[in-house]
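The values are calculated or read from the model by the stated rules, or taken from the named source; none is laboratory data. What you see is a predicted model, and the numbers here were worked out from it, not measured in a lab. FYI the Cβ positions are ideal-geometry reconstructions off the backbone, even for glycines, and counts take in every protein chain you see.
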Amino acid sequence: MKNALLLALFLQTTAFTQSKSCQNLFIWPFSTDSGKRPELAKQMTLDMEEAFLKNNCTVFTSSDLPKLAEKIAVLPAVATVDDIPADIVTELLAASSDKLLIGRIRLDNGGNAIFQATIYSLPGKELTGTKKLMFSELEIQKDSLRKRKTEQILTLLPERGAPSNVATAPEVAQPVAQEAPGSTPQPPVVVVNIPPVTLPNTPETNPTRPAPRPKLSPPPPPKQEPSYEITFVVGKKVDRISVTGYGNLRLTKRNDGNQEASLKLKNGDYELRVFEDGKLKCNKFFKADRAKTIDFPCR
């Protein structure tokens, strides 16, 4: 039974990691109904981005698309996808974003908050799902609690089901069998006195004589999963690069004027995304199976 539960959890996690539903999602800057506490709206936007990235999703925010961010900054608060101008939807599609998440925060006088997240598919603006979460004042103030609850929004994705809540049945004491009225009585137990037997003086029979300790061999060292350093070289005009599951990488300038970034990755398949002038220039899938350099992936 235990193995079956572990297999079910593994299949569920694998299905989500490989799900196309969590790729190319744009997270619209969150806002509050009252316009107050903009710092909370900004922090919860970052929490949401972090939750998706931790689950190997490809997401965008306005900070990833500087030119689009300038247009978003002058717009009034957005409640639904219908509040977004058509030209911005066109730019989102041009940046390879075909899903949109909009979040609204409603504050009450007691310091609590109701957060509502809605996901739409583009360009048709079809509603994919919506979810409300209640945050207490403590959950808002404490980072770990706020981030943990924010991750529940991941269940909105169509190919990700809510995690199964498997409850363990409590142990029940077994009743002691008793003789039924009218049943045949059991024969009495006969007690026999056995004379003491003298045993040889061994460590097993004489606790005062210590037994020799067996020689134990040291345990084998834990098996280390190998990791490989991957170096990415890009051109001078590249704004940023990101790797799935690791977010944006820090670019440094080389002597030849180009830029590079390095990252240690465990054996597996990854996706590199290259942005130039605020837009996605190209993406490249690669395998981390040895240390190597990936030169100018957009060529």
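Of all the numbered requirements in (1) surrounded by fewer than 20 Cβ atoms within 10 Å (Cβ to Cβ); (2) closer than 27 Å to Q152 by Cβ, I119 misses one, and that requirement is (1).
Could you please find all residues in the range 64-94 being in a helix (DSSP H, G or I) and under 11 Å from F26 (Cα atoms)? Once the filter is applied, which keeps residues that are in a helix (DSSP H, G or I) and under 11 Å from F26 (Cα atoms), the range 64-94 yields D64, V89, L92, L93. Within the range 99-114, the set of residues being in contact with a helix residue (DSSP H, G or I) (Cβ under 8 Å, 6 or more places away or on another chain) and either aromatic (F, W, Y) or not in a strand (DSSP E or B) (or both) comprises G110, G111, N112. Considering (1) in a loop (DSSP other than H, G, I, E, B); (2) touching an Asp or Glu at 6+ places or on another chain (Cβ under 7 Å); (3) not aliphatic (A, V, I, L, M), the lone condition that G124 does not fulfil carries the number (2).
Of the residues making up the range 60-79, none is within 26 Å of the chain's Cα centre (by Cα), of a type in the set (A, V, I, L, M), within 20 Å of L156 (Cβ to Cβ) and surrounded by 14 or more Cβ atoms within 10 Å (Cβ to Cβ). For the range 214-235, state whether one or more residues are loosely packed, with under 15 Cβ neighbours inside 10 Å, modelled with pLDDT of 90 or more and either under 30 Å from L93 (Cβ atoms) or of a type in the set (K, R) (or both). Yes - at least one qualifying residue is present in the range 214-235.
Can you tell me how many residues in the range 110-142 are charged (D, E, K, R), farther than 12 Å from K99 by Cβ and without any contact (Cβ under 8 Å) to a residue 12 or more places away in the chain? Counting residues in the range 110-142 that are charged (D, E, K, R), farther than 12 Å from K99 by Cβ and without any contact (Cβ under 8 Å) to a residue 12 or more places away in the chain gives 2. Restricted to strands (runs of 3 or more DSSP E) entirely inside the range 237-299, those with at least 3 residues that are out of contact with any helix residue (DSSP H, G or I) (no Cβ under 7 Å at 6 or more places or on another chain) are 238-243, 259-266, 268-276, 279-288, 292-295.
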